[in-house]
Amino acid sequence: MTITNWLREGLARRPLWMNAILAFCAYMTFIYLPWDVFIKPLEVDQEVWFGVLFTGWAAKAGALLHWFVYGAGTLGLWRMRSWLQPWMSLYLLQIAFGMAYWGLTDPRGSNEPTALLIAIPFIGLAYAAWRSRHRLSPA
């Protein structure tokens, strides 16, 4: 079996939106977060959790936590494991909350009610993930 066939078969196991989340998790796990943790200077490092901005060492700690979350997401989605739920849906809801909170409270956010609209796609993904939990199998 070639790498192309292996990848094609692996991606055929889930819907397109789930493959998009898998691709994002893999990008964060293997490209962005290693750079963020090991190369990005401490004085410019920033991480956001629940719409709250962290800088410096707190951001580095948040990056390590993000690395764990996205690594687990990559592994869980690739293998379609049931332990991923309810965590995937809860994390997507956390992103929705963080986007709305950031937009409404941070001076760099939109500071408008339209900030709530930004959360809608993530709420939709959380709902879709929850509804698709039957696709996930035990280890």
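Would you order GLU47, GLU9 from fewest to most other beta-carbon atoms within 10 Å of each residue's own beta-carbon? Please report the intermediate quantities before stating the final value.
Numbers: GLU47 19, GLU9 10.
The order, fewest Cβ neighbours first, is GLU9, GLU47.
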Problem set entry | Paired Rg and Dmax values of the stretch 71-139, which use every Cα atom, in angstrom | 14.4, 45
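Given Cβ point charges of +1 (Lys, Arg) and -1 (Asp, Glu) and nothing else, what value in debye, to the nearest 20, does the dipole of the chain about its Cα centre take? Write out the running numbers ahead of the final one.
On the way: 11 positive and 7 negative charges, 153 e Å.
Result for the chain is approximately 740 debye, rounded to the nearest 20.
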For this session: Mind putting together the pair-distance distribution for the stretch 3-135? All Cα pairs, 5 Å bins, whole percent per bin, short to long.
Result: 2, 10, 17, 19, 19, 16, 10, 5, 2, 0
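No value in this document is a laboratory result; all are computed from the given coordinates. Here the structure is a predicted model, which means the values were calculated and not measured. All Cβ positions, glycine included, derive from the backbone under ideal geometry; neighbour counts span all protein chains shown.
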